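Working notes, beginning with the structure itself.
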Amino acid sequence: MRLSNILLFLFFSIVSLHAQRGVQSPDDFFPYELGEHFIPHHLIVDYFEHLADNSDIIQLEEYGRTNQRRPLMLAYISSKENLAKLDQIKRNNLIRTGLIDGKIEEEEPIAIVWLGFGVHGNEAGATNSAIASVYELVSPTNTTTKEWLKNTVVILDPSLNPDGYSRYTHWNHNVGHATPNPHPDSKEHHEPWPGGRVNHYLFDLNRDWAWASQVETQARLKKYHEWMPHINVDVHEQYPNSPYYFAPAAQPYHTYITKWQADFQTEIGLNHTRYFDQEGWLYFTREVFDLFYPSYGDTYPTFNGAIGMTYEQAGHSPAGRAILINNGDTLTLTDRIVHHKTAILSTVEMGSQHAARINDNFEKYFNDSKSGNIGTYKTYIIKASNGRNKLKELTSFLDQHNIEYGSVKSGSSVSAFDYQTGKTRSVNVDEKDLAISIHQPMSILAQVLFDPQAELVDSLTYDITAWSLPYAHGLETYATTQRLSVDEDYKLPTYTEVRTDKVPYAFLAEWNSLNDTRFLSALLQKGLVVRSATTDFVQAAKTYKAGTLIILRIDNQKKFGDQFTSTVQKIAREFEQPLGFATTGFVTSGHDFGSSAVKILKRPNVLVVSGDGVGANAFGQVWHYFEQEIDFPVAVVNADRLSRTDLDEYSVLIMPSGSYWTLKGDALDGVKEWVQDGGKLIAIGGAINKLKSDKGFAAKRKEGQKPAPKLPYVGCYASQERDGISNYIPGAVYKNAVDNTHPLGFGLPEYYFSLKTSGSAYNYFDNAWNVGFVEDDPMVIGFVGSQLKPQLEKTMTFGVQNMGGGKVVYFVDNPLYRAFWKQGQFLFGNALFMVN
């Protein structure tokens, strides 16, 4: 070897050795030992940067920022040789899925293991265990993990929810004792509202994987789909007296989960038992945590071909840094970290030992998906008549999840399931319709999201049981068992900007989608005067429905003058909002534009109630709707301050679902007086319970038929949990009849599919408007308990009460649920803007 080469070799060897020696343990790096305190998020970032700077087997990538601008990070951990060819490993894996074309370059099979920690921020032991886990993987002294990393790429996200984690840990640092007090009464075990579980907008990110309403999820999915990992672990904590949980999961499994996925998660779990049994640690499997709802951090990866699993360690917010548990022992933060680290390392071990099997079965999953032999329906048809705005919202969603779509040849007629009626009929398919074939790599995910009803093999489930996108988005959709030839050249209906030299009498905009609500929000904030038709009308041989926005030049002449046309066109262009152009105020049918039936829509001044007694998720969904969906300003007041708030400063008061235990009677008296003086109250879900009929509010609970008492009790003690679900509804879709002549129903067809997540039932109004209501024997998708089901028939779902000079709008079911019920978000816009 030449001297120059020898010197170069020695130089790089010394540099590499120096880098490895520079890796500090967590105890050396942080100002206190790991497990002594919760590590602040910014110090976690610093530690991962330290590892990336001082080790050649870890790379760090910032993949996004939270709403509070904290970094979202991924650490890539593998052998030095693998890190040098990460792009090749990633490309080979995507070729296996069929998402990209190409030829796989020959290589030893590489297992790709994705580890996500702390999606619930106050399950802080999870995020702290990420620190311990990453150190074991990169530590120069751990030769075992180095062997695993020769054929494994670990992708580690130390904090899926930095904002929630920081909310919880900052609070805990402020109230914690110098020495942790394990007594459950101590303050550090009682986290204040809204808690760190949720993100900035108080969303549960573990329910958001499929809906991707939050910035954390949106950023994560981009990276996830670049990699499509083979194993995905979602690392959680549960309450302190529950032992460790790991796979296999509880029933029900979604029927699209493969035998391989079910079997291999069991193999991984059995590997964990070896380590847990050695230490005598308690654990449980096959209970509580099922694999049905598609938007979890375990099920969504499963429907993307991975082995998706949840790990749950005892701890959570009530545990603080140490807590007494029911066996007389003290559970410490250190215990929680060690347990999680053990399960994580066991998972990486299984990925390494079975890399070849994992790759083979992963590729088989996607080959089987593309074959179209799985599932009942072969093609989903979303009609062009849904309109450009709704179709654009849907295609954006499909693109986000790599679901292919296209168009079919015109003129074909097929037998198909009609989502609107629940019946099969003949349907004409037009080339302008959007079509989704299941003969594609993302076939399983597409079917999970579009099938009208998922098969539930066990009704003891953890979350909602119905979510089909056509119901959520309010789309006229059909599913056929026939395979149709779907081209990939689908194009949205063309957006055509109104261009004319004529002076407009008015601009017209349809009212039937969430994008229309966004457009109206922008118009009102710009200061434009907007009216709405309260009945259908015909002008220039075109029929416009009730709710149509009418922007008159004469209303806006004084403020905008010659800039009126360009101002409206600019806003329409921003939202790609189709506009009609009127040269006259005369209509051939309906009310002329000068009629009192064409109402001015006043810009609302909105106050939203939050704080103790209000559901954190429920408030967050309202908050997110205003700031992120329609970009409209709101003020927020805590419930215990409502009685001291001058409501005359506001025109709309929104009460999200909650118990409102902090809201006293005098506050409600003030709210009632304010409504009578012209205010508008919007009450959602549990908030309606606070509005008592003896105070003049119209909603009355429906009294159910009580079962005859059994004395003495005769039954099976072991089946009591299963017996209890006869009065339970985890989340099902109900078809409601709609009075779409009422402003609250504008833009809806004569039906609305509502996601019902509670058994609350209210009688039809006697002296108020029943706008959306459940009739006898309604169409129901999902599980409803046998005793509860008849109780929910003939009930009010949403309606409006006139109270003096004001209005009360009631929503029994939350129309803003998890920000994915798009038709509900449009309906809420009616309550906000149209009900005057």
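Here are a few things to note about the model shown:
- With all protein chains kept in place, the per residue accessible area of segment 16-139 amounts to 38 square angstrom at a probe of 1.4 angstrom.
- Å² per residue, accessible surface of segment 174-264 at 1.4 Å: 33 Å²
- Phi-based couplings in Hz for segment 794-805 (Karplus 6.51, -1.76, 1.60; Gly and Pro marked x): 6, 10, 7, 9, 8, x, 9, 10, 7, 10, x, x
- Positive minus negative residues near residue 290 (Lys, Arg vs Asp, Glu; Cβ under 9 Å): -2
- Projecting the Cα atoms of 811, 403, 771 onto the dipole axis of the chain, where Lys and Arg carry +1 and Asp and Glu carry -1 at the beta carbon, places 771 farthest toward the positive end.
- Label corresponding to mean projected area of the Cα convex hull in nm² when calculated from the structure given, among [x] 48.1; [y] 41.7; [z] 35.6: [y]
- Here's how it looks for residue 654: its modeled amide H is under 5 Å from those of 607, 608, 609, 682, which are all 5 or more places away or on a different chain.
- Average Cα contact separation per residue, segment 425-514, under 8 Å, 6 or more apart, as relative contact order %: 28 percent
- Taking other residues whose beta carbon is less than 13 angstrom from the beta carbon of residue 545, and scoring Lys, Arg as +1 and Asp, Glu as -1, yields -3.
- Here segment 292-394 is treated with +1 on each Lys and Arg Cβ and -1 on each Asp and Glu Cβ, and its dipole about the Cα centre works out to around 700 debye.
- Listed by chain and number, the aspartates and glutamates placed with their C-alpha closer than 13 angstrom to that of residue 756 are 463, 793, 813; residues fewer than eight positions away on the same chain are left out.
- Mean Cα-pair separation over length for the chain, i.e. relative contact order, pairs under 8 Å, 6 or more apart, %: 10 percent
- Cα long-axis angle, helix 564-574 against the chain (0 to 90 degrees, to the nearest 10): 30 degrees
- A simple count of charges around residue 373, restricted to other residues whose Cβ falls under 14 Å of its Cβ and scoring Lys, Arg +1 and Asp, Glu -1, yields +3.
- Legend: distances between Cα atoms for 502/542; 222/409; 690/807; pairs beyond 27 Å are 222/409.
- Relative contact order of segment 117-171, defined on C-alpha pairs under 8 angstrom at six or more residues apart (%): 58 percent
- Rounded Å value of the spacing that divides the Cα centres of segment 234-277 and segment 181-215: 23 Å
- Heavy-atom accessible surface of the chain: percent carbon and sulfur, 1.4 Å: 48 percent
- Taking the charge dipole of the chain about its Cα centre, with +1 at Lys and Arg Cβ atoms and -1 at Asp and Glu Cβ atoms, the residue from 473, 177, 453 reaching farthest to the positive side is 473.
- Segment residue 279-residue 144, length gained on full extension (0.36 nm per residue, minus Cα span): 46.7 nm
- Rounded accessible area per residue of segment 502-544, 1.4 Å, Å²: 35 Å²
- Full extension of the chain segment joining residue 46 with residue 758 gains 251.9 nm, where the gain is 0.36 nm per residue of separation less the Cα-Cα distance.
- Under 19 Å from the Cα of residue 150 - aspartates and glutamates, other chains or at least 8 residues apart: 56, 81, 87, 105, 106, 107, 108, 136, 349, 360
- With helices as the sole contributors, the chain gives -9500 deg cm²/dmol at 222 nm; each DSSP H run of n ≥ 4 counts as -39500 (n - 2.57), and the sum is divided by every residue.
- Sequence-distant lysines (8 or more away, or on other chains) whose Cα lies within less than 23 Å of residue 364: 90, 103, 223, 259, 378
The values are calculated or read from the model by the stated rules, or taken from the named source; none is laboratory data. Nothing here was measured: the structure is a model prediction, and the numbers come from that model. We place every Cβ from the backbone using ideal geometry, glycine too, and count neighbours over all the protein chains shown. Ligands, DNA and RNA are excluded from the accessible area calculation, which covers all protein heavy atoms including side chains. Shrake-Rupley method; radii C 1.70, N 1.55, O 1.52, S 1.80 Å.
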